[in-house]
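See below for the structure under consideration.
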Amino acid sequence: MRLSLVVLVTGVAATATADPKVPQEVTDLAKSLTGTWKCTGTATLAPEPEAPLTGTLKTRADLDGFWIRDVFDAKVGKTTRFKYEAFTTFDGKKWRRVLLDNRGSQALGTCDGVKDGGRMDWNLDVMGQGPVAMFRDHLDATDPKLLKLSGELSSDKGKSWTKVYEMTCKK
């Protein structure tokens, strides 16, 4: 029994000492997105109807370059604050994202790839204060000085979709 434990621990230690390489895809995307972006648009945050959105999105490489970190801070309508932090990486096959917000929700999901020079379409599961929902998040970074972002939510497993936000961000 002790011999098996020693072999297992030795195997884990040997695996943990290998230095992984940051995927070039993460480095390239982080380079194009890094900076402070001023955003305007519209958003619908329950229970409020659609309202104007103004915010700041700060993006940079983080955790030794393996993740792209987004910090978003916005005002929706006259008084509602919306904040999130998101981490994005590439596993060699799919892009992966985890997002946490100031409303007690989390989103986890994937994107098949960067298309057309800077477009990404995410499929995420949102969990938090309400039932699990599906979320589609869209990023258009084809213009290096402009980001177009939008998102839509489905609470009925993809049968119908509701626009949640749409914004444009400038450096």
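Scanning the stretch 19-44 for residues that are in contact with a Phe, Trp or Tyr (Cβ under 6 Å, 6 or more places away or on another chain) and surrounded by 18 or more Cβ atoms within 10 Å (Cβ to Cβ) turns up Val26, Ala43.
Does Asp70 satisfy the criteria of being part of a strand (DSSP E or B) and under 18 Å from Pro23 (Cβ atoms)? The answer is yes for Asp70. For the residues Asp70, Asp140, the requirement of being closer than 16 Å to Asp28 by Cα, out of contact with any Gly (no Cβ under 8 Å at 6 or more places or on another chain), buried (at least 16 other Cβ atoms within 10 Å of the Cβ) and at pLDDT 95 or above singles out Asp70. A count restricted to the stretch 112-137 and to residues that are within 10 Å of the chain's Cα centre (by Cα) and either outside any strand (DSSP E or B) or not aromatic (Phe, Trp, Tyr) (or both) stands at 2. Among the numbered conditions (1) touching a Gly at 6+ places or on another chain (Cβ under 9 Å); (2) of a type outside the set (Lys, Arg); (3) modelled with pLDDT of 95 or more, tell me where Tyr84 comes up short. Result: Tyr84 fails condition (1) only. Hey, among the residues in the stretch 155-166 that are in contact with a Ser or Thr (Cβ under 6 Å, 6 or more places away or on another chain) and assigned to a strand (DSSP E or B), which one's farthest from Asn123 (Cα to Cα)? My answer is Glu166. Looking across the stretch 154-171, not a single residue is under 17 Å from Tyr84 (Cα atoms) and either free of Cβ contacts under 8 Å to residues at least 40 places away in the same chain or loosely packed, with under 13 Cβ neighbours inside 10 Å (or both).
Have a look at Val26, Val12 and point out the one that is at pLDDT below 95 and in a helix (DSSP H, G or I). Matching residue, one of Val26, Val12: Val12. Selection within the stretch 86-105: residues that are exposed (fewer than 15 other Cβ atoms within 10 Å of the Cβ) and of a type outside the set (Lys, Arg). The member of this set that is nearest to Met167 (Cα to Cα) is Asn102. Selection of first residues in the stretch 41-59 that are free of Cβ contacts under 8 Å to residues at least 40 places away in the same chain and in a loop (DSSP other than H, G, I, E, B) and of second residues that are of a type in the set (Ser, Thr, Tyr) and surrounded by fewer than 15 Cβ atoms within 10 Å (Cβ to Cβ), restricted to Cβ pairs under 8 Å at least 6 apart or on distinct chains, gives the following pairs, ordered by first then second residue: Glu48/Thr80.
The values are calculated or read from the model by the stated rules, or taken from the named source; none is laboratory data. Note that the structure is a prediction, hence the values are computed from the model and not measured. Cβ: placed from backbone, ideal geometry, glycine included. Neighbour counts: every protein chain shown.
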